[in-house]
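Here the structure comes first, spelled out in structure tokens, and everything after it is commentary.
The values are calculated or read from the model by the stated rules, or taken from the named source; none is laboratory data. Small disclaimer: the values here were computed from a predicted structure and weren't measured. Here the Cβ positions follow ideal geometry from the backbone for every residue, glycine too, while neighbour counts run over all protein chains shown. Protein only, heavy atoms only, side chains kept; ligands, DNA and RNA dropped before computing areas. Shrake-Rupley method; radii C 1.70, N 1.55, O 1.52, S 1.80 Å.
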Amino acid sequence: MISMTGAELAIALLERQDIRVIAGIPGGANLPLYDALSRSARIRHILCRHEQGAGFLAQGMARVSGKPAVCFATSGPGATNILTAIADAKLDSVPVICITGQVPRALIGTDAFQEVDTYGMSIPITKHNFLVRSAAELLEVIPEAFTIAASGRPGPVLIDIPRDVQLERVSFEHWPEPGAADPAPNFFDADLEAAIAMINAARRPILWVGGGVVAAGAQDQIRRLAETASMPVAQTLMGLTAMDRDHELCLGMLGMHAERSTNMAMEACDLILAAGVRFDDRATGRVQEFCPQAKIIHIDIDHSEIDKLRAVSVGILADIGTTLTALLPRVAANPRRDWIDYIAALKKAFPPLAPATGGHDTPQRFIRRVGEMVPPNTIVATDVGKHQMWTAQSYPFTAQASWLTSGGLGTMGFGLPTAIGAAMADPERKVICFSGDGSLLMNIQEMATAAEQQADVTVILLNNNCLGLVHQQQELFFDANCFSSIYSIAVDFPRIAQGFGWRTWDLSGASDPDAVLREAMAHKGPSLVHVPVAREEKVLPMVPPGAANRVMIEEVLNV
Ligand SMILES: Cc1ncc(C[n+]2csc(CCOP(=O)(O)OP(=O)(O)O)c2C)c(N)n1
């Protein structure tokens, strides 16, 4: 008979799930868990400075490893602080297991100190959640949480454990099996047949790839299908590492901040093979007017995505890699000269705004320059704003890179803690984080965590001293009434970073910015590169929110 407390059992079950790192912050309601964690020989704890930071650290670990990662928070404010990172994980399908402490069972519902209904609040922002009623339940709940988080379309699971359950003794005979992902559903042969026939018959097909391709690791099959069938590839924000950006068939990102030629190619296509995408409005524009001439084949692991926003001709509920592997040998090689020439003509008529080479004269060319200096498998994180969109447009992504961005929720403050988590999960790879001054301030306290862990993370701060993307929308859509988007003090970010023990470089006025950047990129350990950016620099093109993708703004006179 095995006997231990609920807290010891929870930690032992996490060890059996092969968890090596947990990010979190202790408090009254999860102290028994922390006490048990202190005795774990296998799990290292990363003490964050804010629970949102812990949630994003776990996201960084999960996004890079593809496996569930764990974060801890106490009840009440600890739990509410971490919820943003959990909602973010839900929208971007990231397998995070969040374990919160709760007030003792007898006090639940009494407005006890630091009591909030974490279970209730987390229902709509998790894939699943549990309120544990006894220590014995943990034997089922913890493995099941891992199964749910990793199966099908991944997502966050929250486990709320009352303090007295953590202290309760439990005896049991056998350890449960660790939770693992269920096998993916298989496609129906008839659907595959239909998809093959449609691809072979199409005259102007496009492959539209999203985060699901990256999660499935199906980049190789995507490239082979594109090359065999001469299908140009359009990417969602989450799918930017589904294919090398510099591949001749890659059209880059579609939608709100796409090249005009990419959105026009979508407009003209007669077939879309949509793989691992969710028809997000930032990608489709006004969805009723999206690709008006196209039939749609949709491959996705989540049945609720198929036919959700647009009726499709063929929906395939299966793993993308398995489906494409079965489909590939039956797709006819076809040069589709007319279609490829048409797209080349579009690119000539509407030359790309994304730079072909790096430099220091615009933020886009600067971002490309950074990409030219770092290895192709670099982990690239961003915050949210113009700098994020410039990175999406201009960074030379490869299929070996990892791209960590808050796509669905668009959470400022995502970048730094997620980049730290990425560095923890894969210390061998270079991790860079493009951030904005507004976003960096939202989780800047995690600089202390990075310094403590000596995380090899370089934050590249594109500082325009304003809430840039909001400022741009006010300029374009609110008659340049730039209310509350410009900061009136200039924060000295290098000094602040130095105060946290970071190495810093400043490109303001640098006579040889390439040399400074090269030195910064060669550095190991937490570091900041400060890059001043003019407020007037815009993210263009831009489709106005709610408009069809063909309505693109390409030039704006600065006001
Ligand atoms: C938590 C949060 N609050 C507000 C917003 C709305 N928002 C979107 S972009 C943006 C400005 C971002 O500014 P900054 O980080 O400096 O980046 P920039 O656009 O200047 O590159 C704001 C306020 C958001 N996305 N997330």
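When T100, T110 are checked against the criterion of being crowded, with 23+ Cβ neighbours inside 10 Å, modelled with pLDDT of 95 or more, more than 16 Å from the ligand (Cβ to nearest atom) and not charged (D, E, K, R), a single residue qualifies: T100. Of the numbered criteria (1) open to solvent by 10 Å² or more (accessible area, probe 1.4 Å); (2) modelled with pLDDT of 95 or more, the one E259 fails is (2). Among the residues making up segment 1-18, those that are of a type outside the set (S, T, Y) and open to solvent by 10 Å² or more (accessible area, probe 1.4 Å) are M1, I2, M4, E8, A12, E15, R16, Q17, D18.
To keep it simple, each residue is scored yes or no on (1) assigned to a helix (DSSP H, G or I); (2) open to solvent by 30 Å² or more (accessible area, probe 1.4 Å).
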position	(1), (2)
Q474	yes, no
N481	no, yes
S484	no, yes
S488	no, yes
G501	no, yes
H530	no, no
V539	no, no
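Yes or no: segment 490-501 includes at least one residue that is among the β-branched types (V, I, T) and either at pLDDT below 95 or away from the ligand (no atom under 14 Å from the Cβ) (or both). Yes. Inside segment 335-349, residues that are of a type outside the set (A, V, I, L, M, F, W, C), under 21 Å from A258 (Cβ atoms) and surrounded by 11 or more Cβ atoms within 10 Å (Cβ to Cβ) make up a count of 2. Here D164 meets each of (1) open to solvent by less than 20 Å² (accessible area, probe 1.4 Å); (2) in contact (Cβ under 8 Å) with a residue 60 or more places away in the chain; (3) in contact with a Lys or Arg (Cβ under 7 Å, 6 or more places away or on another chain) with one exception, condition (1). Assessment of segment 236-256 against the conditions (over 21 Å from the mean Cα position of the chain (by Cα), in contact (Cβ under 8 Å) with a residue 24 or more places away in the chain and crowded, with 21+ Cβ neighbours inside 10 Å) yields no matching residue. The helices (runs of 4 or more DSSP H) located wholly in segment 364-471 that include 2 or more residues which are within 13 Å of the ligand (Cβ to nearest atom) occupy 386-394, 415-425, 437-440.
Within segment 56-97, the set of residues being within 16 Å of the ligand (Cβ to nearest atom) and either more than 21 Å from I444 (Cα to Cα) or of a type in the set (S, T, N, Q) (or both) comprises Q59, T80, N81, T84, K90, L91, D92.
Considering only residues that are part of a strand (DSSP E or B) and within 12 Å of A332 (Cβ to Cβ), which ones fall in segment 189-212? Selection gives P205 alone. Annotation: of all residues in segment 503-524 being under 24 Å from E452 (Cβ atoms) and of a type in the set (K, R), the one that is surrounded by the most Cβ atoms within 10 Å (Cβ to Cβ) is R503.
Condition check ((1) of a type in the set (A, V, I, L, M); (2) farther than 20 Å from G53 by Cβ; (3) open to solvent by less than 10 Å² (accessible area, probe 1.4 Å)) across all residues:
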{"residue": "R369", "(1), (2), (3)": "no, yes, no"}
{"residue": "N377", "(1), (2), (3)": "no, yes, no"}
{"residue": "D383", "(1), (2), (3)": "no, no, yes"}
{"residue": "W390", "(1), (2), (3)": "no, yes, yes"}
{"residue": "T398", "(1), (2), (3)": "no, yes, no"}
{"residue": "T405", "(1), (2), (3)": "no, no, yes"}
{"residue": "V431", "(1), (2), (3)": "yes, no, yes"}
{"residue": "M447", "(1), (2), (3)": "yes, no, yes"}
